[in-house]
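The values are calculated or read from the model by the stated rules, or taken from the named source; none is laboratory data. Please read these numbers as outputs of a predicted model, since none were measured by experiment. Virtual Cβ from ideal backbone geometry, glycine too; neighbours counted across all protein chains shown. Ligands, DNA and RNA are stripped out before the accessible areas are found, and what is left, the full protein with its side chains, is counted by its heavy atoms. Shrake-Rupley method; radii C 1.70, N 1.55, O 1.52, S 1.80 Å.
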Amino acid sequence: MNSSMKRGGVALVVVCAAALSVAACGQSDGKKGGNPLENAAAAVGGQSTEEKFGAYTEAFNKLIDDSWGVSENFDRYQKMDVPNASASDSLSFPENISTLEGALEKLKEGRALRGGSAGAAADAAADKVIANGDALLAQWKTLDPYYESRGYRDDNLAKGKAAHAALMTAYQNTLAGIDELDVALTQYLRARDAKRIEDYRKAGHNEAANLVSAMQLADHFSSAVIEKNIPEADRLLPQLEAAMAELRKSEAALAADDGNRTEYKLISDYLTGMVGAWRDYKQDPDDSDRERVVDQYNRAVGQMNDVEFPA
């Protein structure tokens, strides 16, 4: 899982790098099949750990929202160039108070749950995000009305300039905590999904195992793309394409009236588009193609939430 990062001048965001992390967030639409994480959760910490990481993952996705996440707001704030701005400028203060509040609430909800050894690193990261995110939120609540009402015209931007250093620190420390949470979530979700693949194969649910396997390889592949680790992406590509071939076979084997058939087809199409975008990038390196790689992967992740998994 990768939080919003600047690589080569482009912001790339993986919304949920480990397959099925959306389902882990408690966003199930009530479809049949029970809890598809139950066996895997037992292997990596139990039900309470699963719930903790579900809350953390939901919070993380709010924090890295590609329109109004913390990183996006930080970029917009830096462009204001407050230290060099003047009261005659038209200044628009970037914030999304409701999104940050929701993310912090989910982090605090997750923090209150038991997580065993699997949750220790995530808890430490969550503590960092909560402390600095609360400071950032307080700054937003103070500065938003100041800028919105053009109060800076009356005090010659004195309040804004005085708040700048503390606001920058709150942003930077919050983003550092988000990156640490990213690492902890990735480790847990990848371990969980590896266990799911094993459990599905033992139970004879090879179609589900093939889907999770393809998505897990796509997770590693998209991470390599974000890091511009071309040798690693190229190394993973044959494995990913082999997994995608198995996924297409699973789709073809599903009954015509099986609701999952459409979902498998859409996910397969998104992963195929992801690989195509990577080959476009390799042919003529352009960050717009790297963005398409991540966008196609994110679409596949979103589609996973509509899959009905075996109990």
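Structure data summary
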| quantity | calculated |
| --- | --- |
| Selection count, region 100-123, where residues are open to solvent by 50 Å² or more (accessible area, probe 1.4 Å) and not small (G, A, S) | 7 |
| The listed residue being within 21 Å of P238 (Cβ to Cβ), out of contact with any helix residue (DSSP H, G or I) (no Cβ under 6 Å at 6 or more places or on another chain) and either among the hydroxyl-bearing types (S, T, Y) or crowded, with 16+ Cβ neighbours inside 10 Å (or both), out of T262, T272 | T272 |
| P145 being open to solvent by 60 Å² or more (accessible area, probe 1.4 Å) and closer than 25 Å to D65 by Cα | yes |
| Matching residues, region 269-298, being closer than 17 Å to V212 by Cα, within 20 Å of the chain's Cα centre (by Cα), modelled with pLDDT of 95 or more and of a type outside the set (A, V, I, L, M) | Y270, Q296, Y297 |
| Residue in region 278-296 that is open to solvent by less than 50 Å² (accessible area, probe 1.4 Å) and in contact with a strand residue (DSSP E or B) (Cβ under 6 Å, 6 or more places away or on another chain) present | yes |
| Residue in region 207-236 that is nearest to the chain's Cα centre (by Cα), counting only those that are among the acidic types (D, E) and either within 19 Å of V301 (Cα to Cα) or in a helix (DSSP H, G or I) (or both) | D219 |
| Failed criterion for A126 (all others in (1) modelled with pLDDT of 95 or more; (2) assigned to a helix (DSSP H, G or I); (3) open to solvent by 20 Å² or more (accessible area, probe 1.4 Å); (4) of a type outside the set (F, W, Y) hold) | (3) |
| The one condition in (1) surrounded by 19 or more Cβ atoms within 10 Å (Cβ to Cβ); (2) within 30 Å of L107 (Cα to Cα); (3) touching a residue at least 24 places away in the same chain (Cβ under 8 Å) that A224 fails to fulfil | (3) |
| Residues of region 287-304 satisfying the condition of being among the aliphatic types (A, V, I, L, M) and without any contact (Cβ under 8 Å) to a residue 40 or more places away in the chain | none |
| Residue within region 181-189 that is open to solvent by 60 Å² or more (accessible area, probe 1.4 Å) and either without any contact (Cβ under 8 Å) to a residue 24 or more places away in the chain or in a helix (DSSP H, G or I) (or both) present | yes |
| Candidates G133, G204, G177, G160, filtered to the one that is part of a loop (DSSP other than H, G, I, E, B) and at pLDDT 95 or above | G204 |
| In region 70-86, the residues that are open to solvent by less than 50 Å² (accessible area, probe 1.4 Å) and assigned to a loop (DSSP other than H, G, I, E, B) | A85, S86 |
| Qualifying residue in region 154-172 (condition: open to solvent by less than 20 Å² (accessible area, probe 1.4 Å) and either hydroxyl-bearing (S, T, Y) or without any contact (Cβ under 8 Å) to a residue 12 or more places away in the chain (or both)) | yes |
